[in-house]
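The next block holds one structure in the form of structure tokens; read it before the comments.
The values are calculated or read from the model by the stated rules, or taken from the named source; none is laboratory data. Keep in mind that this is a model prediction, so the values were computed, not measured. All Cβ positions, glycine included, derive from the backbone under ideal geometry; neighbour counts span all protein chains shown. Accessible surface is based on the protein model in full, side chains and every heavy atom, while ligands, DNA and RNA are left aside. Shrake-Rupley method; radii C 1.70, N 1.55, O 1.52, S 1.80 Å.
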Amino acid sequence: MNVITVLNWNFENNGKKDPGRRRAGYQMLSGLSPELMLRQEMWEAGQDGKKVMSGAENKLGMRGWLGESSCTAIFASNDFTAVQEWSSKFPYVLPPTALTLRYAPAGEAAIPFVAVAYHLNYASTTHRLAETEWLSTWADEKWQIPDGSAVTLPALMGGDNNPYPVPGLPGDPALPELDAIKDRPHRLHRSYVGADGVRRMDTHPDGALRTAGLQDVARHRAMVGDPRAVARTGDANDTHGSDSRIDRVYATPELLPAVLSVDVIEVPLDLSDHHIVRVRLDADALVDALRAPFATAA
């Protein structure tokens, strides 16, 4: 079976602005042999003629696309070609990187798909929800096929959400207790007041994406019997509260049959405060999903 490895990682402050940490991060990523990678916190990568970005491409052996303000990036192997680069559709605090990618092994008898690396803002639940609503529009992009009809492209999106997934799955970390978060501003940043006047932890972005038809791929795997898929991506600490799963990858339904597994690669805290989400895709199932609209038209 041919397997495509997709990684999503917020590499804290792009290696905390330390070249040594960056090299260690690249070494860890290279050891996981990714074909597609969604990154957050790419600070300084666009400076000095994109020196840091070029270094990352060379160390990883991948082509990279750096988003606006060096907030996010997408890296891909030579099996993927960008046929469109999207600009931000909304005033994001941390702009996403969005591409329409063609998967070469699928051949000409296939549609491309949309890939998005995003980082929802830290402080405002209101603005964060608006960012999420606009993020969902990349799951509604159309592509014209030879018979003249338009089909909706599949989409794969990964990012640092900051808030939490809707709870309820076995193995999913429990939501932090609001009063146990010692950092009072952080309580505000990660919670909202409901219509009943009660302050609750923010799960709105997850609910919004699921309403739009996207599925958290870790949740998808957990629902078919793999609770390891919903492991923590952020460790408990005094200021933020308990273990959390704020880094997630979402896919439209067409891509879910290709998802073989989801797991979390734990990263030493000295390297980053976020762990790596790894998604393995069945390459043949991905090809089938990308060829399906042509088969239907024929």
Notebook entry, point to check: Which residue pairs have Cβ atoms closer than 9 Å, lie 6 or more positions apart in sequence or on different chains, and pair a first residue in segment 246-265 that is under 17 Å from ASP206 (Cβ atoms) and of a type outside the set (Asp, Glu) with a second residue that is assigned to a strand (DSSP E or B) and at pLDDT below 95?
Noted result: ILE246/GLY234
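Can you find a residue that is touching a Pro at 6+ places or on another chain (Cβ under 6 Å), surrounded by 15 or more Cβ atoms within 10 Å (Cβ to Cβ), touching a residue at least 12 places away in the same chain (Cβ under 8 Å) and not hydrophobic (A, V, I, L, M, F, W, C) anywhere in segment 82-99?
The answer is yes, given that some residue of segment 82-99 is touching a Pro at 6+ places or on another chain (Cβ under 6 Å), surrounded by 15 or more Cβ atoms within 10 Å (Cβ to Cβ), touching a residue at least 12 places away in the same chain (Cβ under 8 Å) and not hydrophobic (A, V, I, L, M, F, W, C).
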Notebook entry, point to check: When segment 179-193 is examined, which residues are found to be touching a strand residue (DSSP E or B) at 6+ places or on another chain (Cβ under 6 Å) and farther than 12 Å from PRO163 by Cβ?
Noted result: ALA180, ILE181, VAL193
Margin query: Need the failing condition index for ALA123 against (1) of a type outside the set (Val, Ile, Thr); (2) more than 21 Å from GLU68 (Cβ to Cβ); (3) surrounded by fewer than 16 Cβ atoms within 10 Å (Cβ to Cβ), just the number.
Written below: (2)
Item checked: Residues of segment 104-133 satisfying the condition of being within 17 Å of the chain's Cα centre (by Cα) and more than 23 Å from LEU188 (Cα to Cα) -> PHE113, VAL114, ALA115, VAL116, ALA117
Check: Looking only at segment 23-44, which residues are closer than 20 Å to LEU271 by Cα and crowded, with 22+ Cβ neighbours inside 10 Å?
Finding: GLY25, LEU29, PRO34, MET37, LEU38, ARG39, GLN40, GLU41, MET42
Checklist line | Conditions (1) surrounded by 16 or more Cβ atoms within 10 Å (Cβ to Cβ); (2) polar (S, T, N, Q); (3) out of contact with any strand residue (DSSP E or B) (no Cβ under 8 Å at 6 or more places or on another chain); number of the one not met by THR152 | finding: (3)
Note to self: Given the condition touching an Asp or Glu at 6+ places or on another chain (Cβ under 7 Å), surrounded by fewer than 15 Cβ atoms within 10 Å (Cβ to Cβ), over 20 Å from VAL277 (Cβ atoms) and not acidic (Asp, Glu), answer yes or no: does some residue in segment 62-81 qualify?
What the structure shows: yes
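Here is a yes/no grid of residues against (1) of a type in the set (Lys, Arg); (2) touching a Leu at 6+ places or on another chain (Cβ under 8 Å); (3) within 30 Å of ARG228 (Cα to Cα):
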site: GLU68; (1), (2), (3): no, no, no
site: THR72; (1), (2), (3): no, yes, yes
site: PHE80; (1), (2), (3): no, yes, yes
site: ARG102; (1), (2), (3): yes, no, no
site: ALA115; (1), (2), (3): no, yes, yes
site: TYR122; (1), (2), (3): no, no, yes
site: ALA130; (1), (2), (3): no, no, no
site: GLY159; (1), (2), (3): no, yes, yes
site: PRO173; (1), (2), (3): no, no, yes
Checklist line | Whichever residue in segment 184-211 is in a loop (DSSP other than H, G, I, E, B) and open to solvent by less than 50 Å² (accessible area, probe 1.4 Å) and, among such residues, is nearest to THR5 (Cα to Cα) | finding: THR203
Next item on the list: Counting only residues that are more than 18 Å from ARG248 (Cα to Cα), give me the strands (runs of 3 or more DSSP E) lying completely in segment 29-77 with at least 2 of them.
Entry: 63-66
